[in-house]
Amino acid sequence: MRAIITGGGTGGHVFPALAIADKIVEMDPGSEILYIGHEDSMEGELAPKHGYRFEKVSAMWLEKNPIGMVKMGFSIMKGIAESRRLIREFKPDCVIGTGGFVCFPVIVAAHREKIACYIHEQNAFPGAANRTLERFSDNVFLAYPEATSYFKQPQKHIYTGNPVRKEFFLLDREESRKKLGIAPENFHILAMGGSWGARTINNIAVDILQWIQNKPEYSCTFISGHINYEEEKEKILEKGIDTAGRGKLVGFVNDMPDQVAAADLVISRAGALTVTEINVSGKPSILIPFPEATDNHQYYNAKSIADRGGAILIEEKDLRTEDVLTVIENYKNNPEGLAAMGEASLKCSPGDSTERIWHHIESIRHD
């Protein structure tokens, strides 16, 4: 298969794109992949590291002012022309987009060249680019079934879930705890703040680290995000919290599958990929959507999981330390309820997303 993959701007768009590309190569080792993205971008750095040819095209964010609109129009037209040139040269069997502004010129160009086009939407509330691109696409792959109501052509929709790294399917709680030095008997909390807009969660995580100091049955790992690490470290030092034992502060980790697998309860924002990683690991969670996310899409992600019993949804405006501690204690003392939430979480995201996407594309190609 010859496939063009496009999607960029954030990890939420790039990592699913790379997961789909990897699956195509796995299933058809003779495949050739061309990744089209934006210059000076995350995808421009990561795609070559995965062994894929990378080409850039013009694209830009929507700017809601007259000058910005004119600039965007010229950028799109230029990007479409650049994409058509690449498509004619590469001669793909299909083009797959995973969102972000760079997808727009590539998918439109592929549609004009009469190439099979697919887009993947990671969130329960779809982004503006994908909502617009639906009419240029042969199918829309959905991570959340609820997303279908925000599009206009439901006959094109296929529920696949979100692609995640295969490492999340290869781990178990006991082995991950050994690697991370977490006692097997402890009720372990994984609190994930992050670099952007996560101050409230970070404050809660520091409170949890303080709370467990005299509770030997608990342990907690707090991932602050590297940008906030020094600030959170200073807070912890001021409060006299010991982070050499059951409470740990880290800025960034390369072993996220182990971190999630080791947890009894995860506290996190509700970005699409993070939520899916929690779900495919079968972990209960407290999801706290970032209220400034575009179109409040994190709220819809969290609500989808909470409505099916796989998480507790707490909006930031309602977030209080005492409420979070109450939830933790209640589930620590109710292992049956915790297990039920974990089972519900596991059912919220298909574990074979990339396989579903691959089989659909392959079946259409040979139809």
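List of remarks:
- Those helices (runs of 4 or more DSSP H) of the range 140-256 in which at least 1 residues are of a type in the set (S, T, N, Q) and farther than 30 Å from CYS117 by Cα, considering only elements entirely within it, cover 173-180, 199-211.
- Some residue of the range 176-197 being at pLDDT below 95, buried (at least 18 other Cβ atoms within 10 Å of the Cβ) and β-branched (Val, Ile, Thr): no
- Flag if GLU43 is buried (at least 24 other Cβ atoms within 10 Å of the Cβ), among the charged types (D, E, K, R) and either under 23 Å from GLU121 (Cβ atoms) or in contact with a Ser or Thr (Cβ under 7 Å, 6 or more places away or on another chain) (or both): yes
- Of the residues making up the range 129-146, those that are touching a residue at least 60 places away in the same chain (Cβ under 8 Å), within 22 Å of VAL275 (Cα to Cα) and open to solvent by less than 30 Å² (accessible area, probe 1.4 Å) number 3.
- For the range 308-367, a residue qualifies if it is within 20 Å of ALA19 (Cα to Cα) and polar (S, T, N, Q), and the qualifying residues are SER349, SER353, THR354, SER363.
- Contacts under 9 angstrom Cβ, first residue in the range 66-85 being under 8 Å from PRO105 (Cβ atoms), partner modelled with pLDDT of 75 or more and open to solvent by 100 Å² or more (accessible area, probe 1.4 Å), 6 or more apart: ILE80/ARG112; GLU82/LYS56
- Whenever a residue of the range 104-123 is hydroxyl-bearing (Ser, Thr, Tyr), its partners that are open to solvent by less than 10 Å² (accessible area, probe 1.4 Å) and not in a helix (DSSP H, G or I), lying with C-beta atoms within less than 8 angstrom and at least six residues away or across chains, give the pairs TYR118/CYS94; TYR118/VAL95; TYR118/ILE96; TYR118/GLY97; TYR118/SER137; TYR118/VAL140; TYR118/PHE141.
- Condition met for PHE54 (more than 20 Å from ILE364 (Cβ to Cβ), assigned to a helix (DSSP H, G or I) and among the aromatic types (Phe, Trp, Tyr)): no
- Residues in the range 240-288 that are over 16 Å from the mean Cα position of the chain (by Cα) and among the hydroxyl-bearing types (Ser, Thr, Tyr): THR243 only.
- Selection count where residues are open to solvent by 80 Å² or more (accessible area, probe 1.4 Å) and within 13 Å of ALA198 (Cβ to Cβ), scope the range 210-251: 2
- Of ARG131, ARG165, all but one fail to be modelled with pLDDT under 95 and closer than 18 Å to GLN298 by Cα; the exception is ARG131.
- Among the criteria (1) open to solvent by less than 10 Å² (accessible area, probe 1.4 Å); (2) under 12 Å from GLY247 (Cβ atoms); (3) over 17 Å from the mean Cα position of the chain (by Cα), the one ILE201 does not fulfil is (2).
- For the criterion of being open to solvent by 10 Å² or more (accessible area, probe 1.4 Å), more than 27 Å from LEU273 (Cβ to Cβ), part of a loop (DSSP other than H, G, I, E, B) and at pLDDT below 95, LYS64 passes.
The values are calculated or read from the model by the stated rules, or taken from the named source; none is laboratory data. Owing to the predicted nature of the structure, the values given are computational and were not obtained by experimental measurement. A quick note on method: Cβ atoms are made from the backbone with ideal geometry, for glycine too, and the neighbour counts reach across all protein chains shown. Heavy atoms of the whole protein, side chains included, go into the accessibility calculation; ligands, DNA and RNA do not. Shrake-Rupley method; radii C 1.70, N 1.55, O 1.52, S 1.80 Å.
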